[in-house]
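A short write-up of the structure that comes next.
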Amino acid sequence: KLLNWALFLACSFKSCFGVFFLIHNTRHGPVFTQEPSDSIFPLSTEDKRVFINCRAKGNPPPHYRWTVDGREISTESDPNYSLAEGNLLIKNPHVVNHRGVYQCIATNTFGTIVSRQAKVQFAFLENFSRKSRSIVSVREGQAVVLLCGPPLHYGEIKYSWVFNGRRGFLQQDARRFISQRTGNLYIAKVEALDAGNYTCAVRNMMTNATVFSSPTPVVVRGDAVMGEYEPKIEVQFPDTLRVSKGSSVTLECFALGNPVPSISWRRADGNPLPGKIKINHSTGVLEIPYFRPEDAGVYECVAENSRGLNVARGQLLFQNVEHLQWVHTPKDADIAIGASLQWECKAMGNPRPAYKWLKNGQILPKEGEIYVEAGKLSITRISLSDSGMYQCVAHNEHGSVYASAELKVVASPPDFTLRPVKKSTVVQRGGEAVLECRPYASPRAVTSWWRGGELLKDTERQTVMDDGTLRITNISKFDGGRYTCVARNHFGTSSSTGTLVVKDDVDPTRITVPPLSLDVTTGQSLVLPCGFKNNLIVLLTWSLIGFLQTSVLWVFIMSECIDGTSGDLMVRNIQLKHSGKYVCMVHTEVDTVSAAAALRVTGPPGPPEALAVTDISDTTVQLSWGSGPDNHSPVTMYMVQAKTPFSIGWQTVATVPDSVPGQMMHATVRDLSPWVDYEFRVVAINSIGVGEPSTHTKQIRTKAAVPKVAPVGVSGGGGARGELVITWEPVSEEHQSGEDFGYIVAFRPAGSSTWIQTVLASPDASRYIYKDDSIEPLTLFEVKVGVYNSIGEGQFSRMVRVFSAEEEPSEAPLSIWARAVSASEIEVHWKPIPSGSSRGKILSYEVLFWEEGSRPSEPRRVRIISATTALLSGLKGNTIYLISVRAENSAGFGPGSPAFNITTKKPPPNRPPSNIEWKLTNSKIFLNWEHVKAMENESEVTGYKVVYRQAWNSMTSVLETNKTSMALQIPSGENYLIEIKALTEGGDGSSSGPIRIPKMSS
């Protein structure tokens, strides 16, 4: 057969022509190139069409059918379905009518195959019922659960809640929790401010659609207050949960109680939680990403308040699911009638798969000559009816995989059409003649040779061989003539005739320029010569006898090529697979000669073999391996590479010796991190280049050791009075070196010799607060942070100096005054507090303000940094506000100034300018409008503001006037938009809305 690499045959002679063998496109049954897969389609898109893919190759091209839930789809009777080549198109899909399990069926004259089954679903989200929801009445201090009751939906859903129709969603905290399993809102302890309307919002993450429920009114009764009680865990995770490797699992836990319970997590076996676990302490959610076997176990959620505690627990089980993969599949077979067939298929998976066989899409029955056992299929004494497409299906509870093969049963009478007896065979007298008889027949034909009407039998000079070939030695003139081969089987008889010509004095063919054996490197190109001398018609072939098989490269026919003919072979971009023995063979009617040359291709080494890991310690392992093929260039050195969950791809690691020589098949890998999972591989290098890496080892974990990496970024400061705040950067999981990792925080007053130490048993800790009311503000401490694990204590960080917290400012800001800027804004000014009233730097000021008559316990706040003025906005018009200012340092806020009141200005008129008239004259726009008269509770109109811009531009221009008319000088040739507003001391009035002025001619 032809090879799939670039080969060219060069021919140089006076008159010659070439004929190349071509690969013909054989007829065969269907083979899938694309199969449908499980899919979820969103139904909110504008394009109301869904494609389910299916393509198959075959000769003749296959036609397609589809089934859904085992029922065949009729594209003629159901207008929603149509075919686009093999793909199934669903128009205007319906969430119920068109969901299901789909299967594609491809058929041509050779048989039928079915695709894997694909589950098709549609993501959708219906609207909530518009029915009003009942009022929920609850006492202050009591708990409440608001039910969401989501509408019908499919696809991933996210739940949120809206409070009193405000923009943005309700924020979760230690008191309020939204379950993403049920959508319900849980309030652990109701406060007076919780009264209002609650709306459940449901968002489909695939369609991006959001729907809102009717509001649930919550009334907080003031007639009695709920007493304190112990936590009641209202939201908890299942008792048993199976989790597959690599997936992410989220556990919810939330408790009702008074006081509000705190939520914490732990493992029942006492082992610490892995550092990769993410815990949201405020919302009671624990997430374990990249689940592994060691993450399995019993997890406990602890809800605690001053009245007691409660525990919920559940077990996470590691589920080792391995997806089905083929190890061995059946291959297409062409088998003669009456012969036998054995096929086997084998797949890997967990749970172990079962098998079934299909023929042309139907279950293969066990009957007659057919025997099926698990993944094995046997057919004895094959008949024509056994032809067709066969499929082996491996399946378990997690899915199915399909493998197909075609069985062609060959049954035909002898046929010489493609391989007749050679019409003329020229042989030199005294030589040898070989006449082949190779008809196509199934079953194999019985052959005989005839000359004239005489049946030829074996003699001393002539022999009929087992394959039907007639061989005649020591040829004489009398052997010339016509020879006929007759072939018979039980389907018929056929014959073919050729002539044997005997000649005298024919010069033998000679190869004058034979190819030479060469050593080459991958990527090079070369020409192998083959020059010959003859005076007869020539058939020249090049063949490669490689390591695995013999391949015919080219067949070239030459006629009457005299005076130094040649058939050189060019090989481009040589690769290792091109090594072997190249044979140039020249055939004439009389004789055949050949010449051969060995081509040895040198390249980078192959992958090392049998890589093994032994002698695992905390920082070293021993690696050993076997040598792979050196590809004709000795290995000069080996390079060891490793990969961990913390590395980016494969990294070269340090070894002993530093450079592993090519004759050494082992090395010690050093400088590894303790208690880390590693995979290793080895790469060989020779003078040509770097070879392919070996197969990597299974994941191993180095032994635990005392941690060697101390925390960095140790610092601190700030906090409330009487506190020493110490912070640091947590040590990464890669450098924790063992289980039960934690921190040792040591500190002492500057000048003291005695260290105070505390232990934090959490690998994620990054902050410690030491509280002692006797600590003077800004006391200097010496601080260091160390590490430990189950093996022992590690190093401490370098010592740093940290000040304790400051004292809050002791005085309020002075000389506070304010002015009403408009109906919605007040400008506040003050002088900074004296430097002696705060032991520390003032970080900011906070302005507190509230309406007269409202509760001052919940004022609005504005924080100002490095300034002594603030603008309060979003206020009500003609309203009295009380204002107080206080200073802040790192210890907290100082006392507020005495509250003083100020009234905002009356609001501007609610009515826009009306009866607006305009006209165009000489590039001017003349505007007139009716005066806006203020009501008694509105600010008087002092003038008007005219805002204008070009229609395509967002940049605006503004002119003010105290009249009710204005002339604007505007360039011609543009469209303009104009708005008019009333001006008052309370702010701008309502806009007239945009007035479009069309283009003016120049």
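The values are calculated or read from the model by the stated rules, or taken from the named source; none is laboratory data. All of these numbers come straight from a predicted model, not from anything done at the bench. So basically every Cβ, Gly included, is an ideal-geometry build from the backbone, and we count neighbours across all protein chains shown. Accessible surface areas use protein heavy atoms only, side chains included; no ligands, DNA or RNA. Shrake-Rupley method; radii C 1.70, N 1.55, O 1.52, S 1.80 Å.
What's the carbon and sulfur percent of the chain's accessible surface, probe 1.4 angstrom, rounded to a whole number?
That fraction is 50 percent.
Enumerate the calculated ³J(HN,Hα) couplings along the stretch 75-90 in order (Karplus 6.51 cos²θ - 1.76 cosθ + 1.60, θ = phi - 60°), each rounded to whole Hz, writing x wherever the residue is Gly or Pro.
6, 7, 8, 10, x, 6, 10, 8, 10, 10, 6, x, 6, 9, 9, 10
Can you pull the one-decimal nm distance between simple spin-label points at Thr619 and Ala967, each 7 Å off the Cα toward Cβ?
Roughly 9.2 nm, to one decimal.
Heavy-atom accessible area of Asp332 with all protein chains present, probe 1.4 Å, nearest 10 Å²?
100 Å²
May I ask you to derive the FRET efficiency for Asn350 and Gln315 from their Cβ-Cβ distance with R0 = 25 Å, giving the value to the nearest 0.05?
Efficiency for this residue pair is about 0.75.
With the cut-off at 19 Å, report for the stretch 624-703 the share of all Cα pairs above it, as a whole percent.
Cα-Cα pairs in the stretch 624-703 separated by more than 19 Å: 36 percent.
Could you please report the charge total around Val635, scoring K, R as +1 and D, E as -1 over all other residues with beta-carbon less than 14 angstrom from its beta-carbon?
Taking every Cβ under 14 Å from that of Val635, the sum is -3.
In the stretch 25-40, whose amide N lies under 15 Å from the spot 7 Å out along Cα-to-Cβ of Glu85? List them in ranges.
Residues 31-36 fall inside that zone.
Hey, if we sort Tyr229, Tyr944 by accessible area with the 1.4 Å probe, largest down, what's the order?
Tyr229, Tyr944
Lys and Arg at +1, Asp and Glu at -1: add these up for the other residues within a Cβ distance under 11 Å of Gln391 and post the number.
Once positives and negatives cancel, what remains is +2.
Which GluC sites (Glu not before Pro) in the stretch 116-196 pass both tests, a DSSP loop state and at most 15 other beta-carbon atoms within 10 Å?
Glu126, Glu156, Glu191
When Rg is the radius of gyration of the Cα atoms in the stretch 132-227 and Rh is its Kirkwood radius, what does Rg/Rh come to?
0.99
Shape of the stretch 28-123 from its Cα gyration tensor (a ≥ b ≥ c, root eigenvalues): rounded if a/c is under 1.5, otherwise prolate when a/b > b/c, or oblate?
Note, shape of the stretch 28-123 comes out prolate.
Figure the gain on full extension for Glu782 and His328 (residue separation times 0.36 nm, minus the Cα-Cα span) and round it to one decimal in nm.
Here the segment from Glu782 to His328 would lengthen by 156.6 nm.
Hey, of [x] 45.6, 141; [y] 33.6, 103; [z] 55.6, 158, which did the structure itself give for Rg and Dmax of the Cα atoms in Å when calculated?
Entry [x].
How far apart, in nm, are two points set 7 Å out from the Cα along the Cα-to-Cβ line at Asp38 and at Phe212?
3.6 nm
Just subtract the alpha-carbon distance of Glu126 and Asn271 from 0.36 nm times their residue separation and send over the number in nm, one decimal.
This chain segment gains 47.7 nm when fully extended.
Highest first, please rank the peptides 359-366, 31-38, 437-444, 247-254 by the mean number of other Cβ atoms sitting within 10 Å of their residues.
Final packing ranking: 437-444, 247-254, 31-38, 359-366.
Rounded to the nearest 10 Å², what accessible area does Ser566 have for a 1.4 Å probe in the complete protein model?
20 Å²
Spin-label point model (7 Å from Cα, Cβ direction): what's the Glu156 to Arg461 distance in nm?
8.8 nm
Any lysines with Cα under 28 Å of the Lys423 Cα? List them, leaving off those in the same chain fewer than 8 positions away.
The reachable lysines, counting only those whose Cα sits under 28 Å from Lys423, are Lys1, Lys14, Lys457, Lys477, Lys503, Lys533.
For the chain, what is the accessible area per residue in Å², given a 1.4 Å probe and the full set of protein chains?
Heavy-atom SASA per residue in the chain reads 53 Å².
Order of 732-738, 789-795 by packing, highest average Cβ count within 10 Å first?
Highest-to-lowest ranking by the protection proxy: 732-738, 789-795.
Out of the chymotrypsin sites (Phe, Trp or Tyr not before Pro) in the stretch 656-716, which ones are loop residues according to DSSP with at most 13 other C-beta atoms within 10 Å?
Here no chymotrypsin sites (Phe, Trp or Tyr not before Pro) fit, given the DSSP loop and packing criteria.
Within the set of other residues whose C-beta is less than 10 Å from the C-beta of Gly606, count the net charge using Lys and Arg as +1 and Asp and Glu as -1.
Computed value for this residue: -3.
Assuming a viscosity of 0.692 mPa s and a temperature of 37 °C, what translational diffusion coefficient in µm² per second does Stokes-Einstein assign to the stretch 322-410, Rh being the Kirkwood radius over Cα pairs?
D = 247 µm²/s.
Identify, among Gly853, Val885, Pro832, the residue whose Cα sits farthest towards the positive end of the charge dipole of the stretch 814-909, taking +1 on the Cβ of Lys and Arg and -1 on the Cβ of Asp and Glu, with the dipole about the Cα centre.
The listed residue farthest towards the positive side: Pro832.
Counting only protein chains, not ligands or nucleic acids, how are Ser844, Ser854 ordered by accessible area (probe 1.4 Å), most first?
Solvent-accessible surface, decreasing: Ser854, Ser844.
List the GluC sites (Glu not before Pro) within the stretch 833-931 that fall in a DSSP loop (any state other than H, G, I, E or B) and whose Cβ has at most 16 other Cβ atoms within 10 Å.
Hits after loop and neighbour filter: Glu852.
Below 8 Å between Cα atoms, with a sequence gap of 6+, how large is the relative contact order for the chain in percent?
Reported relative contact order: 6 percent.
Could you give the dipole magnitude of the chain about its Cα centre, charging the beta-carbon of Lys and Arg +1 and that of Asp and Glu -1, in debye to the nearest 20?
With only Lys, Arg, Asp and Glu charged at Cβ, the dipole is about 2000 debye.
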